[in-house]
Amino acid sequence: MTQTRPRLLLIDGHSMAYRAFFALPAENFSTTTGQTTNAVYGFTSMLINVLRDERPTHVAVAFDVSRQSFRTEQYPEYKDGRAATPDEFRSQIPLVQQVLGAMNVTWLTLEGYEADDILATLAHQATEAGFDTLICSGDRDALQLVDDDVTVLYPVKGVSELSRMTPEKVQEKYGVPPHRYRDLAALVGEKSDNLPGVPGVGPKTAAKWITTYDGLDGVIAAADQIKGKAGENLRAHLSDVLRNARLNKLVCDLVLPKSAGELLWEGWDAEATAELFDVLEFATLQDRLRSQLSERQVGEFTAVAELPEVVATFRRLETGELAGWLESRDPSEPVGIAVAGEFAKGSGHITGLALSDGEEEVWCDPAAFDPGDESAWLAWLADPGRRKAVHDAKGLLWACAGRSWRVAGIEMDTALAAYLIRPDLRSYALEILVERYLGRELTAASTTADQPALEGIDAAGEDEAALGRRAGAVRDLAGVLAGELASHDVAGLLADMELPVLYVLADMETTGIGADTTHLSSLEAEFAGRAKEAVAAAHAAVDQQFNLRSPKQLQEILFEKLGMPKTKRTKTGYTTDAEALAGLFAKTGHPVLEAILRHRDVEKLKQTVDGLLAAVADDGRIHTTFHQTVAATGRLSSSDPNLQNIPVRTGAGREIRRGFVVTEGFDALMTCDYSQIEMRIMAHLSADEGLISAFHSGEDLHTTVASRVFSVAPEAVDAEQRRKIKAMSYGLAYGLSAYGLSQQLTITPEEARGLMDEYFDRFGGVRDYLRSVVDEARRKGYTETMFGRRRYLPDLSSDNRQRREMAERAALNAPIQGSAADIMKVAMLRVAAGLREAGLTSRILLQVHDELVLEVAPGERDRVEALVRDRMSHAAELAVPLEVSVGFGRDWDTAAH
DNA sequence: CGCCCAACGTA
DNA sequence: CGTACGTTGGGCGC
């Protein structure tokens, strides 16, 4: 059974607040009354993070009383020479203590001792009492306390990132075990404490001596034998070293008002924190308290006791043992799966398989299966009643597709679950999730489906137990994330949308799309030739060789040599983007500009084609990878190669699309687009009657909208008016400003403002909706799509105007872009299911946000068209119809419509 | 070799 | 001073 230990979090209040003080710019953190709050803010933010990530049962913070301590009595120069603590910092310490009061966190001081001594004493008591202890301190002296039960969280930069200093980590970083760290510090000295060490002796030398002579006592005893300048210095500074050793020893037997066992944390006082954060003007922190420390996590010992601990046993299953293991599992318990091998681009190969039911982790090698193992495994894998949890299950699906293994019953993908809970994380690596949600560390296996091997490294040497731990971690995470999904109201999105979509994507990737390499190669040659001509023309025009690809060299030529007028600034100089070059050409008519633009154009096309040719697999097809946890709005992304940004706007670009072709056994490619899906969603969400009726009018949307904005008959709308309205309509969904609109339409900001006013006069519902989106997001902390997909936007209450306004635009866009993404995902599921149920061979190849590309089998064309139109247009019921346009052709361009 | 930047392709 | 992505080459620093 799982056992658990209480967990004590100790924080050096002074040192962490001081770190925060220097990490956060004071000018961004002050209240309207002029109180600086950067240290309080940084400290509180750190505290919330650590409480969330570590889930301690017991918490205490220690402070220094003054600079006077028993150390200054023994050595009056101790900590001399330190710059005086700035008043701006000192005034914040009482505020930090008020925060701790409101959060019901015990804080302690003791006359004559430093905070570190208090922490050492509490850590000592905690270990005696069977606690795990975490010490959060920016003072390296704390490292001497590290052992199997005590971990130091040492701030790396600022206070937002903490490094877990375990015994192994201390050894790795300093070359000595933690109980020898004091010895090292004594030899090296500590400048900030005004404790000089042995001159010329740094951590490397000190570690070497300590290791060679078995500790400081040994080093001192052997001082006469140590050669060279360093040995000489050691002998000359022995008294300094001894003094350092005496002073850097932390006191661990103090008598304190509270003992470790009395530090139980029972959660914060909602009223008191709300009031205090109000005074401190910390708008975001109250939300973060609420959203990141859900009730379940608030220090309830019973809740923490439910946290899985690493107690599972590991066993290697020999040939013939898997069947028995699978059979004896409790079917109601989910099994965590982890696989090792190579996984990429729609295929995979499993070299190791680990399973965990929470009590036992087992490993086996599919290559060693006997017929009994094989049939038991296949039956288990395909049984939807056998509950499975996987992290990033696509790799497993790829490998299974290659061996025709059917997979069913995956009820949890921990990467997808974490994405639904927090869609804006940079990484959903298993290690990170385990740390975040289980508060434990996972030592990485080198080759797994969610962490593909580097080419050439096989998994033969894979640590079997490490893979077992991954399976165990996935299984444990599954339980915690299921709770989080429920509390974020997104459990349905995982079960009914993301997990089913995962299977469709895996199929699409395994299938790939046919490439006409002959066509692509001849295009490549043509683009290469034209690029070369452009280079020659550019060189001739300025009578000089230069690299046209280098913005830096371009700037030198244009602005220095030719003295052209300066363009808009970038971080590193002046922009040479296409728009700016076109502007310069209009002013100067210099032929080099035309050559550069031509080169840029054709070079981009060439690169795209190069990339595609390089991506053609042995089967003559291109297998992209779709990413399901990258875009914060819920969209998919595509890479290796990215098939969602293949050119389409120019003739030359469309030539590239002719390189994607229908293949043997199929009749045509078919493209199916949602027309104006984002505008339709805007109409639906805003319920604006004018916009809704525009969609029902049956006429061109932008013309209809323009006729109302300009108060003219639809027939009287000219091309220019339509263009402006189209730009604005789309811009609105992106949080476009009047200034931005004026830039895009090359009109004055006043004209743009007038245009927007007219627009909102006619379509007031849109304006009201856009306002309400931001208001609601600010209130709730997140936006929501039609299907309940959330995006958290803490920057909505940022003090930094740029960040805040960026978050506002993201808030405007996320429900619209995200709802479109949701609808498309539903459509994909319905189309895939429809094709399967009807027994059709036609298949989905690509998704490009609002477009699907299918490959249609002979004789299926009409049925597939009817099916796709139906399934796509009814993927969601909106206040306006969802229109789908369809086309067929031998290639992607011809199939466009 | 890894990182950032500018530039540019798509929806 | 319009959202969401991925890829590329140049340039810099390790």
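The values are calculated or read from the model by the stated rules, or taken from the named source; none is laboratory data. Worth saying up front: this structure is predicted, and the values here are computed from it rather than measured. When we count neighbours, we look across all protein chains shown, and the Cβ atoms used for this are built from the backbone with ideal geometry, even at glycine. Keep in mind that these areas ignore ligands, DNA and RNA; they rest on the heavy atoms of the full protein, side chains included. Shrake-Rupley method; radii C 1.70, N 1.55, O 1.52, S 1.80 Å.
Somewhere in region A:649-665, is a residue charged (D, E, K, R), under 17 Å from A:GLU509 (Cα atoms) and either away from DNA strand B (no atom under 11 Å from the Cβ) or not assigned by TED's automatic domain parsing to the domain that holds A:TYR734 (or both)? For region A:649-665, residues charged (D, E, K, R), under 17 Å from A:GLU509 (Cα atoms) and either away from DNA strand B (no atom under 11 Å from the Cβ) or not assigned by TED's automatic domain parsing to the domain that holds A:TYR734 (or both): absent. Going by the conditions given, is A:ILE557 in contact (Cβ under 8 Å) with a residue 12 or more places away in the chain, more than 12 Å from DNA strand C (Cβ to nearest atom) and over 30 Å from A:LEU425 (Cα atoms)? Criteria not met by A:ILE557. The combined condition, being assigned to a strand (DSSP E or B), under 30 Å from A:PRO167 (Cα atoms) and not charged (D, E, K, R), is fulfilled by A:ALA60. Out of all the residues in region A:306-322, is one or more part of a helix (DSSP H, G or I), buried (at least 20 other Cβ atoms within 10 Å of the Cβ) and modelled with pLDDT of 95 or more? Yes, region A:306-322 contains a residue that is part of a helix (DSSP H, G or I), buried (at least 20 other Cβ atoms within 10 Å of the Cβ) and modelled with pLDDT of 95 or more.
Being within 16 Å of DNA strand B (Cβ to nearest atom) and open to solvent by 20 Å² or more (accessible area, probe 1.4 Å) is the filter here; which residues of region A:741-750 pass it? A:GLN743, A:GLN744, listed by residue number. Taking every residue in region A:408-436 that is touching a residue at least 60 places away in the same chain (Cβ under 8 Å) and pairing it with any residue that is within 16 Å of DNA strand B (Cβ to nearest atom) and small (Gly, Ala, Ser), at least 6 positions away or on another chain, the pairs with Cβ-Cβ distances below 8 Å are A:PRO423/A:ALA631; A:PRO423/A:ALA632; A:PRO423/A:GLY634; A:ASP424/A:ALA632.
On the given criteria, is A:PHE89 open to solvent by less than 10 Å² (accessible area, probe 1.4 Å), farther than 28 Å from A:LEU264 by Cα and under 36 Å from the mean Cα position of the chain (by Cα)? So A:PHE89 fits the description; yes.
In the condition set (1) closer than 29 Å to A:HIS627 by Cα; (2) modelled with pLDDT of 95 or more, A:TRP325 is compliant with all but (1).
Does region A:250-258 contain any residue that is assigned to a helix (DSSP H, G or I) and surrounded by fewer than 17 Cβ atoms within 10 Å (Cβ to Cβ)? Scanning region A:250-258 turns up no residue that is assigned to a helix (DSSP H, G or I) and surrounded by fewer than 17 Cβ atoms within 10 Å (Cβ to Cβ). Entry remark, region A:538-559: residues being within 11 Å of DNA strand B (Cβ to nearest atom) and closer than 14 Å to A:LEU584 by Cα number 3 in total. If you go through region A:582-620 and pick out every residue that is away from DNA strand B (no atom under 12 Å from the Cβ), farther than 17 Å from A:ASP516 by Cα and β-branched (Val, Ile, Thr), you end up with 2. Count of region A:560-578 residues, restricted to those that are within 11 Å of DNA strand B (Cβ to nearest atom), touching a residue at least 12 places away in the same chain (Cβ under 8 Å) and of a type in the set (D, E, K, R), is 1. Of the residues contained in region A:361-380, none is found to be aliphatic (A, V, I, L, M) and under 21 Å from A:GLU509 (Cα atoms).
Of the numbered criteria (1) part of a helix (DSSP H, G or I); (2) in contact with a Pro (Cβ under 9 Å, 6 or more places away or on another chain), the one A:ARG809 fails is (2). Restricting A:LEU643, A:LEU669, A:LEU701 to those that are free of Cβ contacts under 8 Å to residues at least 60 places away in the same chain and either under 29 Å from A:LEU854 (Cβ atoms) or aromatic (Phe, Trp, Tyr) (or both) reduces the list to A:LEU701. Of the helices (runs of 4 or more DSSP H) lying entirely inside region A:122-233, those containing at least 3 residues that are β-branched (Val, Ile, Thr) span A:203-213.
Hey, any hits in region A:463-479 for a residue that's open to solvent by 50 Å² or more (accessible area, probe 1.4 Å), at pLDDT below 90, under 14 Å from A:GLY341 (Cα atoms) and not in a helix (DSSP H, G or I)? Yes: one or more hits. Within region A:178-206, being surrounded by 18 or more Cβ atoms within 10 Å (Cβ to Cβ) and modelled with pLDDT of 85 or more holds for A:PRO178, A:ARG180, A:TYR181, A:ARG182, A:ASP183, A:LEU184, A:ALA185, A:ALA186, A:LEU187, A:ALA206.
Yes/no matrix, rows are residues, columns are (1) in contact (Cβ under 8 Å) with a residue 40 or more places away in the chain; (2) open to solvent by less than 20 Å² (accessible area, probe 1.4 Å); (3) part of a loop (DSSP other than H, G, I, E, B):
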site: A:VAL831; (1), (2), (3): yes, yes, no
site: A:GLY839; (1), (2), (3): no, no, yes
site: A:GLU855; (1), (2), (3): yes, yes, no
site: A:VAL864; (1), (2), (3): yes, yes, no
site: A:LEU867; (1), (2), (3): no, no, no
site: A:PRO881; (1), (2), (3): yes, no, yes
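A:ASP117 fulfils the conditions (1) open to solvent by 30 Å² or more (accessible area, probe 1.4 Å); (2) among the charged types (D, E, K, R); (3) at pLDDT 90 or above except for a single criterion, (1).
Of all residues in region A:765-817, those satisfying the criterion of being surrounded by 15 or more Cβ atoms within 10 Å (Cβ to Cβ) and among the hydroxyl-bearing types (Ser, Thr, Tyr) are A:TYR769, A:TYR782, A:THR783, A:THR785, A:TYR792, A:SER797, A:SER798.
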